[in-house]
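Some notes on the structure that comes next.
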Amino acid sequence: MSLLRSEQLYENEKELLLSLSKGDEDALKFIYQKYWQRLFLSAYNVLKDKEGCEDIIQEIIIKLWQKRESLHITASLSAYLFAATRYQVFHFIRKSPGRPELLENLEERFSNNAPDMPLYTKDLQTRINRAVETLPEKCRAIYKLSREQHMTYKAIAVHLQISDKTVENQLSIALKKLQQALGDFILIAPFIVLVNRL
């Protein structure tokens, strides 16, 4: 089925995602044809690794199909796919510690190919902020000192007069609770964690 004919068949994104959730393989093919090149270029613009980028996009499409029945996208599909690409690229970078040049000007290189990303990131950040406010008081305080004030485990321990291990445990609890609270954003949640730890 051609891309033009598919665009006529799936009149809007809601219809497309509904068809995908029902196991419509043509809907998946349409998404692949429509977004593959842009997603690939977004990843390649950062990694400069053709094979690695092809693997990343393939993995994203496979996960999209595997999660199709539970998928709930509140922003655009484009933003969701670019966010997924971002996460996979960061994952690739973390597995390539011998290539520090990959970290240079990341935001600029990503934003050139992901116009919907600011909207999606804003939505994700709002959800994270809400989830943070539901954390137990001590856990929330430690999380905020770590992520918002960028304090080290040791500095937090001294500031709150607790052990380094307590800080580590509380942060681990906070991140697990946040990932649970994010629900359908679970694919992107680790991306935020990676950014904060770089």
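The values are calculated or read from the model by the stated rules, or taken from the named source; none is laboratory data. These figures come from a predicted structure and were not determined experimentally. Using ideal geometry, Cβ is built from the backbone for each residue, glycine included, and neighbour counts are taken over all protein chains shown. Side chains included, ligands, DNA and RNA excluded: accessible areas come from the protein's heavy atoms. Shrake-Rupley method; radii C 1.70, N 1.55, O 1.52, S 1.80 Å.
Odds and ends about this structure:
- Region 38-71, subset polar (S, T, N, Q) and open to solvent by 50 Å² or more (accessible area, probe 1.4 Å), residue modelled with the lowest pLDDT: Ser70
- Hits in region 10-37 (condition: open to solvent by 80 Å² or more (accessible area, probe 1.4 Å), out of contact with any helix residue (DSSP H, G or I) (no Cβ under 8 Å at 6 or more places or on another chain) and assigned to a helix (DSSP H, G or I)): Lys14, Leu18, Glu25, Gln37
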